[in-house]
Amino acid sequence: MFFHAHPDDEALLTAGTMAMLAAEGHRVVLVVATAGERGLAEMAPGDALGETRLKELYESAALLGCARVECLGYGDSGLSPKGGVADERPDNAFIDADTEAAAKALAAILQEEQADLLAIYDPAGGYGHPDHVQVHRVGKRAAKIAGTEIVLEATVNRDPLVRLLKLAGRFYRFPPEFDVRTFESAYSSSETITHWVNVRKYTKQKRASMAAHASQASGGDSDRTLAVMLKVPRPLYRFVFGTEWYVRRDLPPGTRLTHPFDRWPK
């Protein structure tokens, strides 16, 4: 089971792994906490955007071979570090959800599916989105309730990312609000990552999953992340997006595994 905050998060972080596991014959289940109705897009935030993004989620899931898709039905908390001003958030914003109640809802699906593995986010929620941080808290607790043995924290190897951004900063002027230093504490460092999953064989599905989220390729004042990624030439895309990273906290730092179900020590 893969637990994400919003539609399109699965495409960015875990799509290759999901497609790989489905191709190997595993039953893959995708759960999102919200419909992403407050995301940036050409259409205005609200129910219509949420409905559009859920449709895109189902299309993405089908491309990846998912057997089941569920939305827990919480409200999108918004993009700011604190989820926006409290009185501007929906009454059921995921950031305001009772962690135990949300965990029990997720645990019920884990138990129904008899899931062997749950993928969530690292404690920082990757780049710090409040809903992503909540996914970590809720997912960790749900796994404990359900007795799910393997919990993987989907992340990005920040070390080469920071080096690349610093190099790019010598030739490109980033927008004033973009601070490269924030990435020094985002995601996970190389030494903490336990799983380096080669998904190059499944980058065609991963790219198609990204493309399915068309509403998230536009909107806002600058190029969106998905739009930039989809402009990467296909041969280079396979190289750049051909690895997905995870941290499993019950394994010692320095562990290097290549498949979600690999056991340590080998």
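The values are calculated or read from the model by the stated rules, or taken from the named source; none is laboratory data. Fair warning: this is a prediction, and the values are worked out from it, not measured in the lab. Glycine gets a Cβ as well: all are built from the backbone with ideal geometry, and neighbour counts include every protein chain shown. These accessible areas exclude ligands, DNA and RNA; they are computed on the full protein's heavy atoms, side chains included. Shrake-Rupley method; radii C 1.70, N 1.55, O 1.52, S 1.80 Å.
Before moving on, here are some points about what is shown:
- Test: residue in region 233-255 that is in contact with a Lys or Arg (Cβ under 7 Å, 6 or more places away or on another chain), not hydrophobic (A, V, I, L, M, F, W, C) and not in a helix (DSSP H, G or I): yes
- Within region 7-36, being in a loop (DSSP other than H, G, I, E, B) and either closer than 12 Å to Ala62 by Cα or open to solvent by 10 Å² or more (accessible area, probe 1.4 Å) (or both) holds for Asp8, Glu24, Gly25, His26, Arg27, Val28, Ala35.
- Among the residues of region 240-251, the ones that are open to solvent by less than 70 Å² (accessible area, probe 1.4 Å) and either touching a Ser or Thr at 6+ places or on another chain (Cβ under 7 Å) or under 21 Å from Arg141 (Cα atoms) (or both) come to 8 in all.
- Residues that are in contact (Cβ under 8 Å) with a residue 40 or more places away in the chain and of a type in the set (A, V, I, L, M), drawn from region 117-133: Leu117, Leu118, Ala119, Ile120, Ala124
- Checking Ala217 against (1) touching a helix residue (DSSP H, G or I) at 6+ places or on another chain (Cβ under 9 Å); (2) surrounded by fewer than 16 Cβ atoms within 10 Å (Cβ to Cβ); (3) at pLDDT below 90, the condition it does not meet: (2)
- Listed conditions (1) touching a Phe, Trp or Tyr at 6+ places or on another chain (Cβ under 7 Å); (2) within 23 Å of Arg38 (Cβ to Cβ) are all met by Lys206, apart from (2).
- Residue among Gly84, Gly78 that is over 21 Å from Leu226 (Cβ atoms) and either open to solvent by 40 Å² or more (accessible area, probe 1.4 Å) or at pLDDT below 90 (or both): Gly84
- Of all residues in region 229-239, those satisfying the criterion of being touching a residue at least 12 places away in the same chain (Cβ under 8 Å) and surrounded by 11 or more Cβ atoms within 10 Å (Cβ to Cβ) are Met229, Leu230, Tyr237, Arg238, Phe239.
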